[in-house]
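Data first, discussion second: the structure below is written as structure tokens.
The values are calculated or read from the model by the stated rules, or taken from the named source; none is laboratory data. Only a predicted model underlies this, so the values are computations on that prediction, with no experimental measurement involved. Quick reminder, even Gly has a Cβ in these numbers, built from the backbone with ideal geometry, and neighbours come from all protein chains shown. Note: accessible area is taken over every heavy atom of the protein model, side chains too, but ligands, DNA and RNA are not part of it. Shrake-Rupley method; radii C 1.70, N 1.55, O 1.52, S 1.80 Å.
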Amino acid sequence: MNPDDLRLEVATTVDEAALAAVSTLVADATRTDGVAPIDDQVRLDLQYGGGSGTEHWLTGERPDRLVAYAHLAESDDGSATAHVVVAPDARGQGIGREIVGRVLDRCGSGGRLWAHGDLPAARRVAERLRLARVRELLEMRLPGGVALGEPTYPEGVSVRTFETGRDEDSWVAVNAAAFASHPEQGRMTVADLRQRMGQDWFDPAGFFLAERAGELVGFHWTKLEHADDGRLVGEVYVLGVAPGAQGGGLGRALTLTGLRHLRERGAAEIALFVESDNQAALSTYRRIGFIVSRTDVVYARQR
């Protein structure tokens with residue numbers, strides 16, 4: 001298959017037929033690779049259309065048969081991130097390298113490319129295009145047999161669960177402060193929050209808020225879904241502590257509260273994602289019993 005012979009459509013939104021084709025492609029790649037090639041934000045952009053800087057690249061031999069899919073998202077600061085998925089039966093023919101090159105050309109000097117799972121094929125493409133690893137996101141998992149201690153909260157802190165219609169604005173504000181330096185999480189808006197609240201997995205009973213004197217100072221938002229094999233898998237979806245409340249054990253207490261909730265709901269295994277250079281968080285998670293299970297990599301062109 002010659003990459004130059006493939007048809008390419010670039011769109012800001014996708015219709016039902018295109019969404020079905022992308023879903024099939026992603027499912028095929030996930031089964032083959034053992035890791036999903038896109039993240040939650042890409043799935044939401046496929047469902048809701050994304051913002052003004054979002055593009056969907058659909059590459060195929062015919063409309064219902066995609067050979068590759070690329071997702072581009074431009075941030076407010078002008079940088080852009082991308083995901084690229086190539087059909088398993090179309091690999092090894094230079095298609096991935098060609099599309100990644102075009103995508104990075106489109107993204108410009110601030111372009112970044114996600115490679116979930118740090119797979120050999122992605123590393124080969126990165127090597128041939130002389131891309132540098134600029135970020136690593138670790139997935140950590142807590143085995144089912146690890147015992148969990150009781151959470152101990154700092155004096156004056158109380159915990160309750162999220163209330164729809166009451167807590168959206170305050171959560172977005174504290175999330176932005178807790179993740180001020182994070183390239184994705186800290187930019188979440190109320191609209192982004194509500195998109196996630198509209199997903200089948202959302203459960204306010206698993207969204208814990210810590211307050212002191214009526215002010216939100218931390219949170220642990222958990223996620224619980226069925227894996228392909230039917231097992232319930234929990235996730236530390238987002239955990240944050242307001243800057244003025246950090247360092248007093250609040251993060252660990254919130255972590256344990258969410259983990260115990262997921263265990264009580266029947267989670268066979270619990271996962272989380274953490275930046276590889278966040279040594280404080282890594283130390284906390286390792287002490288609880290989490291182990292690194294995979295690495296997601298962000299690549300960029302060398303300057």
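Taking the alpha carbon gyration tensor of the stretch 219-303, what are the square roots of 5 times its eigenvalues, largest first, to the nearest whole Å? Could the numbers behind the result be given before it?
Numbers: eigenvalues 105, 84, 24 Å².
Value: 23, 21, 11 Å, ordered largest first.
Take the alpha carbon gyration tensor of the stretch 43-184, find the square roots of its eigenvalues, order them as a ≥ b ≥ c, and report rounded if a/c is under 1.5; if not, report prolate when a/b exceeds b/c, else oblate.
prolate
Let a ≥ b ≥ c be the square roots of the eigenvalues of the Cα gyration tensor of the stretch 145-303; is it rounded (a/c under 1.5), or, if not, prolate (a/b larger than b/c) or oblate?
rounded
Which value at 222 nm does the chain reach when only helices count, each DSSP H run of 4 or more adding -39,500 (n - 2.57), with the total divided by all residues and rounded to the nearest 500 deg cm²/dmol?
Computed ellipticity for the chain at 222 nm equals -9500 deg cm²/dmol.
Note the per residue figure in Å³ for the convex hull of the C-alpha positions in the chain.
Considering the Cα atoms of the chain, their hull volume per residue is 137 Å³.
Would you calculate the convex hull of the Cα atoms in the stretch 264-303 and tell me its volume per residue in Å³? Mind showing how you got there, number by number?
On the way: hull volume 3.8 nm³, N = 40.
That works out to 96 Å³ per residue.
Calculate one ³J(HN,Hα) per residue across the stretch 82-90 by plugging θ = phi - 60° into the Karplus curve 6.51 cos²θ - 1.76 cosθ + 1.60, and present them in order as whole Hz with x for glycine and proline.
Residue by residue, the stretch 82-90 yields 9, 10, 10, 10, 10, 4, x, 7, 10 Hz.
Within the chain, what's the longest stretch lacking GluC sites (Glu not before Pro) that sit in DSSP loops with no more than 15 other Cβ atoms inside 10 Å?
1-154
Would you mind checking which residues have amide H under 5 Å from V217's amide H? H placed 1.01 Å from N; only 5 or more apart, or other chain.
A210, E211, R212
Leaving ligands, DNA and RNA out of it, work out the accessible area of R294 with a 1.4 Å probe and give it in Å² to the nearest 10.
Rounded to the nearest 10, that gives 60 Å².
Which distance in nm do the two modelled labels at Q279 and A176 give, with both placed 7 Å along the Cα-to-Cβ direction?
Once both label points are built, they end up 3.1 nm from each other.
Using the Karplus curve 6.51 cos²θ - 1.76 cosθ + 1.60 with θ = phi - 60°, work out ³J(HN,Hα) for each residue of the stretch 227-238 in order, rounded to whole Hz, and write x for Gly and Pro.
Along the stretch 227-238, the couplings run 6, 4, 8, x, 5, 7, 10, x, 9, 6, 5, 8 Hz.
Which trypsin sites (Lys or Arg not before Pro) in the stretch 156-255 sit in a loop by DSSP (not H, G, I, E or B) and have at most 11 other Cβ atoms within 10 Å of their own Cβ?
Sparse-neighbourhood loop trypsin sites (Lys or Arg not before Pro): R166.
What share of all Cα pairs of the stretch 172-233, in percent, falls into each consecutive 10 Å distance bin?
Values per bin, smallest distances first: 19, 44, 29, 8, 0.
Take every Cα pair under 8 Å in the stretch 231-290 that's 6+ residues apart, average their separations, divide by the length, and report that relative contact order as a whole percent.
46 percent
Magnitude of the Cβ-charge dipole of the stretch 183-303, K/R +1 and D/E -1, about the Cα centre, nearest 20 debye?
On the way: 15 positive and 15 negative charges, 70 e Å.
Around 340 debye, computed over the stretch 183-303.
List, in order, the whole-Hz ³J(HN,Hα) value for each residue of the stretch 290-303 obtained from phi through the Karplus relation with A = 6.51, B = -1.76, C = 1.60 and θ = phi - 60°; use x for Gly and Pro.
Those phi angles translate into 5, 10, 6, 10, 6, 10, 9, 10, 10, 10, 8, 5, 6, 9 Hz.
Over the C-alpha atoms of the stretch 237-287, what are the Rg and the largest Cα-to-Cα span, Dmax, in Å?
Computed over the Cα atoms of the stretch 237-287, radius of gyration and Dmax are 11.7, 35 Å.
Before anything else, pin down the relative contact order of the stretch 49-203: Cα pairs under 8 Å, at least 6 apart, normalised by residue count, whole percent.
For the stretch 49-203, the relative contact order is 12 percent.
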